[in-house]
Structures are given as structure tokens and as C-alpha cells.
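What follows draws every value from the coordinates through simple rules; no lab data is involved. All values reported here derive from a predicted model rather than from experimental measurement. Cβ atoms come from the backbone with ideal geometry, glycine included; neighbour counts cover every protein chain shown.
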Amino acid sequence: MGPIAEDDPTLGLFRVLRDDGTADPSADPFLPEAQLLGMFTEMLKIRMIDQRMLMRQRQGKIGFYGTITGQEATPIATAFATQKEDWIFPALRESSIMLARGFPLVTWLAQVYGNAGDVLKGRQMPSHMSGRSVNQVSWSSCIGPQIPQAVGAAWAAKLRKDPVVTIGFMGDGATSEPDFHCAMNFAGVYRVPCVMICQNNHWSISVPTARQTASQTIAVKAHAYGLRGIRVDGNDILALYRVIKDAVDRARAGEGATFIEALTYRIGPHSSSDDPTRYRSEEEVETWRKRDPIKRFENYLRNATLLDDARLAEIEKGIDAQISAAIVEVEKFPLPARETLFTDVFAQTPRHLREQQEELQKLPPAPSEHGGGH
């Protein structure tokens, strides 16, 4: 491979929206009004959910939560750029794709609480949502395994001639894992219908990107594996939509995989267990807070006369009511029934487990089984 041209898309930064929310008319996709407002509503919804859930964690209602504050644009753009049959292999900050695809909020929140309303029956850590009904796989707290899983699923789709595209997400830290290199190599060699998206939020928990790699960008790594690569402003939902939609369409047309680096920033802590003040400055955070993807998109919608104070207040009121009602409902659920300990392990329950289940059922219920799941 020869030298990379200065105007190579892996070295630049594709943008539609300027920092003030005005758009480059030559790059603006000019999406329909309903889609623009739908994208804005979903971005605002996950931010408001995150605020409420972090509060619930501090109150001791849930054990753990991972917010995506500042990174709302990438998952919501992905939800609108893919088709319902496409499969999502998320990392920590993409579970909002499920909601944008129609997954019930109550069931989504029940996974955070780990109670009887959870389709996973309380067996996963909070913030590890998944749902077969919307083709979203659960991610692992071990960094990176979802990337080769996404490539493998895409490879299977190609072999079956199934017109499905898979999306494999990762953070910047995952690009230092062996799974990243395996996935990129297989994706390149077998030209699978996969789009791999790195949300480079500058901090792999507490390690800055500069200590993750000496590459000029993360996107430039695509060249080494024979993949199409592009670097995009991760706080610009219109740029993200264009780039992801193009990559998905290319994959579906049999033109192979694409690697996307979305340059963004994690405004809040890595999770509810993290104290980011120990490893980064407030000045840095404030600089990125001024590039808020929701506010930037709001300014665009206002400039297009699609949004004003009254309509914004109406949207916020509707979201708040939806979240409040869902929390009330989800906190009424009991803990998962204890007999579920023995389900979903074997197709036919073996004798020794049946005996253990019978013994367990003879015991009186624990005090926690009398109350709700919170």
C-alpha cells in the first residue's frame, strides 16, 4: 500500500452540521420532517432516561448504570439508517437503538432492575439490554468480543444469501484488543456485509486515546485490512446518518465491510461506578459540552423552522410522562421467580436439577420475594 493521501476520508472528519447547528448545504441529506423530529425525540429520550436512571442508582433502586451523555447521535443515527432485519452487536452505549426500533420501554427498564419483567430474567448486569424482537444482541463487559461476533454473523448471512447487514460497535479501547484485529481481518478477507463503528469518546474508562494507539487516527487502521474506512463527526447526527446509511447500503449490495470512526466525547462518567475527575480536567469536559449533539441538532431544527420553544416543551413533556409511567410500572414487578434458576439451561431438565428444584420449592420464600423488584 502506498502513502495515504491527505484528503483520505480516514484522516479527515466528515461533517454536515457546524458547531452552531447550521448545515453545509452540499452535505445536508435533507431528510423528511418526520424523520428529523423522530431522530431528535429519540436522542432527547435516551438522555432523559439516563438522567432518571442515574438518579435511581444513587437512590439505591438499581445497582449499576452506564449513561451515554454526549454520545446520543451515533446509536440513534444507526437505528434510522438500518432496516429492522439487520442485527446490532452493541457495546456499552448503544442500547438506545432498541428503543428507537420499537422495543418497549418498560421491558427495557426491567432489564436495568433485573426483575420479573426482564426478558433476560435478571441474569445479566444492568445496562446490558438485548432483545431478539429487535435483533439486538447483548454485549459483554469483556471488551471487544461483539466485534468478531458481528463479523461472523455477517459471514453467515453472506453464505445463506440473506440480505442482512450486521453492525458491530466498539469504543476506542476495544481497538487495542485482539478481537478487533481478528474481526477486521476476516471482514476484509471475506468481504462480509458488516459495518464496524468505533465510538471514539477519547477515554477508554481512564486511558486517553493517545495512549491507545500511535496511529494518526483510528479510522486509518481500515487500510491495513483492505477495508473502506471513514472518520466522521460523532456529535453530528446528520453526518453520521449519511455515513452509516452509505456503509449499510454498500454492505447490502455485496460491496463489503466498512470501518467507521465516530469522533465524540463521553461527558459523564464511564459508569455509575466511575469518578472521571480523577483522570481528566473539567476544562476538557466543558469544551466538549459546548459541542452537545442534541443542542446542535436542536439549533438545526430551529433554523429549519421545525422546532420552537412550544414544540420542544411538548416533546419533553411527552417523554417525561412516558418515562415516569414506565418507572412506576416496572417498579411493581417482583423479583424473578426462583424456579427460573433452573430454566433455559438444558432442553430437557436432568434429574439432579429437577431434584434440586423440588427441594428449593419446599423452602419458604425469602423476604425479598414478597416485595417488588427494587
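What the table below lists for this structure:
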{"item": "Length gained when the stretch Leu312-Thr287 is fully extended (0.36 nm per residue, less Cα-Cα span)", "result": "6.5 nm"}
{"item": "Filtered trypsin sites (Lys or Arg not before Pro), region 100-171: DSSP coil and at most 11 other beta carbons within 10 Å", "result": "Arg160, Lys161"}
{"item": "Additional length obtainable on full extension of the chain from Asp275 to Leu13, 0.36 nm per residue less Cα span", "result": "91.3 nm"}
{"item": "For His223, His270, order by how many other beta-carbon atoms lie within 10 Å, fewest first", "result": "His223, His270"}
{"item": "All aspartates and glutamates inside 12 Å of Lys290 as judged from Cα atoms, apart from same-chain residues fewer than 8 positions distant", "result": "Asp19, Asp20"}
{"item": "For peptides 253-265, 78-90, sequence by mean Cβ density within 10 Å, most packed first", "result": "253-265, 78-90"}
{"item": "In Hz, Karplus ³J(HN,Hα) per residue of region 5-10 (6.51, -1.76, 1.60; θ = phi - 60°; x = Gly, Pro)", "result": "5, 4, 8, 4, x, 7"}
{"item": "Region 27-100 - Rg over Rh from alpha carbon coordinates, Kirkwood radius", "result": "1.03"}
{"item": "Cα-based reach from Lys158 at 29 Å (exclusive), listing lysines while leaving out same-chain residues under 8 positions away", "result": "Lys84, Lys221, Lys245"}
{"item": "³J(HN,Hα) computed for each position of region 215-232 - Karplus, 6.51 cos²θ - 1.76 cosθ + 1.60, integer Hz, glycine/proline x", "result": "5, 4, 9, 7, 4, 5, 4, 4, 4, 5, 9, x, 9, 6, x, 7, 10, 9"}
{"item": "Eligible lysines near Lys332 by straight Cα distance, threshold 25 Å, same-chain separation 8 or greater", "result": "Lys45, Lys61, Lys121, Lys317"}
{"item": "Positive minus negative residues near Ala257 (Lys, Arg vs Asp, Glu; Cβ under 11 Å)", "result": "+3"}
{"item": "Förster radius 22 Å - calculated FRET efficiency between Arg338 and Val119 (Cβ-Cβ, nearest 0.05)", "result": "0.80"}
{"item": "Antiparallel bridges, percent of DSSP beta bridges restricted to region 33-330 (to nearest 5)", "result": "10 percent"}
{"item": "Of (i) 0.99; (ii) 1.03; (iii) 1.22, the label for Cα Rg over 2.2 N^0.38 Å derived from the coordinates", "result": "(ii)"}
{"item": "In Hz, Karplus ³J(HN,Hα) per residue of region 235-243 (6.51, -1.76, 1.60; θ = phi - 60°; x = Gly, Pro)", "result": "10, 10, 5, 6, 5, 4, 4, 4, 5"}
{"item": "Mean Cα-pair separation over length for region 140-276, i.e. relative contact order, pairs under 8 Å, 6 or more apart, %", "result": "27 percent"}
{"item": "Prolate/oblate/rounded call for region 303-348, Cα gyration tensor, a/c under 1.5 rounded", "result": "oblate"}
{"item": "Per-residue Cβ neighbour rank within 10 angstrom, fewest leading, Val134, Val192", "result": "Val134, Val192"}
{"item": "Sparse-neighbourhood loop sites, GluC sites (Glu not before Pro) in region 1-84 - DSSP loop, at most 13 other Cβ within 10 angstrom", "result": "Glu6"}
{"item": "Placed amide H near Trp203: partners under 5 Å, 5+ positions off or other chain", "result": "Arg266"}
